[in-house]
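**Q** Just dropping this structure here.
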Amino acid sequence: MVVEKVIVVALAQGDVGPVDVGRLLDRAGALDPDRYPSVSMQVEDADATDRWEWRRPPTAWRPLVTVAAWTDCADDVVDLAAVVADVTVRWAGYVVTEAVPRRGDRIEVPVGSARPGLTVTSMLKRAGSLDRDAFLRHWYEVHMPMSLRIHPQHTYVRNVVSRVLTPDAPSIDAICEEGLATVDDLLDPARFFGADPDEPDWTRSRALIGADVPQFLDPDGTLTSLMNEYPVRNAPFGG
C-alpha cells in the first residue's frame, strides 16, 4: 500500500493572539482514525519567535499551526483543513516525502501535552537561480551536513514537497523541521552556532551558515516559526 504524508499549514501575519491549543487537539483527535491513522500537530511558540534574533518583519507570513497526517490518499484535505480553518485567514496543504537524517531520542508525552524542547519549522523556497534538482543537491550535500555539524539539533526532518493540494499556497519546495532540546539552544547564538567540535569560535560558524543560506534559499520566500510539537495519534517520527 502506498501511504502519503500530508502537511496542512495555517499561516499568520503579525500578532494573532493566543491559539486555543486544546480545541485544535480535540479537532485533530476527532479525525477519522481509519483514514488518518497517524497525526501530529505543531503550534507556534509565540514568545520564542518574538525573542529570536533572526525573526522576520511582523508583516511577513509565517507558519502558525501545522497538522501532519499519514493517509492512503491525500487528494482531499477538507478534513485536515477543518482543524485549522478558523485559526487564520490563510492555509495551505502539501503532500511531502519525509526523510529523517537525524533521529535523536524522543520523549513520549501524553496526548495534549507539548513535547520538551522546540522545533524550528521552515517552509523552504529555493533561490531563483536554482532548479529543483540543484536546490535539493545543495541542501542534501552542502547545507544540511554543515547545519548538523554546527547546530545542536537532536532531530532533523526533511519534508520535500511532491505536490501542492490547495490554490494560492505559498510556492515552496520543502518543509524542514529541526528539533532542539531547549529554547536556549536556539536563542543563545553561542549555543546555536557552537556545536562543531572542530571549530571553537562560534562566530565563524555563524558566518559560514549565513553565507551559505542565500546560495540555495530565497530568504524572502522562506517562512519560519519556532514551534511546540503535540502528539495526537500514533504519530510517526518527525510528523
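The values are calculated or read from the model by the stated rules, or taken from the named source; none is laboratory data. Bear in mind the structure is a predicted one, so any value in this text is a computation, not a measurement. Every residue, glycine as well, gets a Cβ built from its backbone with ideal geometry; the counts of neighbours run over all protein chains shown.
**Q** I'd like the full set of residues that are buried (at least 18 other Cβ atoms within 10 Å of the Cβ) and at pLDDT 95 or above, limited to the range 95-117.
**A** Selection gives V95, V96, E98.
**Q** Using the structure shown, decide if S171 is under 17 Å from the mean Cα position of the chain (by Cα), assigned to a loop (DSSP other than H, G, I, E, B) and surrounded by fewer than 18 Cβ atoms within 10 Å (Cβ to Cβ).
**A** On the way: under 17 Å from the mean Cα position of the chain (by Cα): yes; assigned to a loop (DSSP other than H, G, I, E, B): yes; surrounded by fewer than 18 Cβ atoms within 10 Å (Cβ to Cβ): yes.
Yes, satisfied.
**Q** Could you list all residues from the range 156-168 that are crowded, with 17+ Cβ neighbours inside 10 Å and assigned to a strand (DSSP E or B)?
**A** Step one: of the range 156-168, the residues crowded, with 17+ Cβ neighbours inside 10 Å are 156-161, 165.
Once the filter is applied, which keeps residues that are crowded, with 17+ Cβ neighbours inside 10 Å and assigned to a strand (DSSP E or B), the range 156-168 yields Y156, V157, R158, N159, V160, V161.
**Q** From the list A134, A114, which residue is under 16 Å from the mean Cα position of the chain (by Cα) and either at positive phi or outside any strand (DSSP E or B) (or both)? Spell out the reasoning first.
**A** Values: A134 fails: under 16 Å from the mean Cα position of the chain (by Cα).
Only one candidate passes the filter, namely A114.
**Q** If you scan the range 139-171, which residues turn out to be within 21 Å of I209 (Cα to Cα) and of a type in the set (K, R)?
**A** Hits for the range 139-171 are R149, R158.
**Q** Also: Quick check on the range 174-194: of everything there that is over 30 Å from R132 (Cα atoms) and assigned to a loop (DSSP other than H, G, I, E, B), which residue is farthest from the chain's Cα centre (by Cα)? Walk me through how you get there before you give the answer.
**A** Going through the range 174-194, the residues over 30 Å from R132 (Cα atoms) turn out to be 181-185, 187-191, 194.
Okay, now just the ones that are also assigned to a loop (DSSP other than H, G, I, E, B), so 181-183, 188, 194.
Details: A181: 15, T182: 16, V183: 15, D188: 20, G194: 22 Å.
Checking each candidate, the answer is G194.
**Q** Would you confirm whether any residue within the range 134-155 is of a type in the set (K, R) and surrounded by 21 or more Cβ atoms within 10 Å (Cβ to Cβ)? Break it down into steps so the answer makes sense when it comes.
**A** Applying the first criterion (of a type in the set (K, R)) to the range 134-155 yields 137, 149.
When the remaining residues are screened for being surrounded by 21 or more Cβ atoms within 10 Å (Cβ to Cβ), the result is none.
No, because not a single residue in the range 134-155 is of a type in the set (K, R) and surrounded by 21 or more Cβ atoms within 10 Å (Cβ to Cβ).
**Q** Mind listing just one residue for me: the one in the range 27-82 that is among the polar types (S, T, N, Q) and modelled with pLDDT of 90 or more and, of those, farthest from E178 (Cα to Cα)?
**A** Restricting attention to the range 27-82, the residues satisfying the condition of being among the polar types (S, T, N, Q) are 38, 40, 42, 49, 59, 66, 71.
Subset that is modelled with pLDDT of 90 or more: 38, 40, 42, 66, 71.
Values: S38: 20, S40: 15, Q42: 12, T66: 14, T71: 23 Å.
Out of the qualifying residues, it is T71.
**Q** Another question, then. What is the residue count in the range 60-111 for residues that are under 20 Å from A169 (Cα atoms), outside any loop (DSSP other than H, G, I, E, B), β-branched (V, I, T) and under 19 Å from the mean Cα position of the chain (by Cα)?
**A** 8
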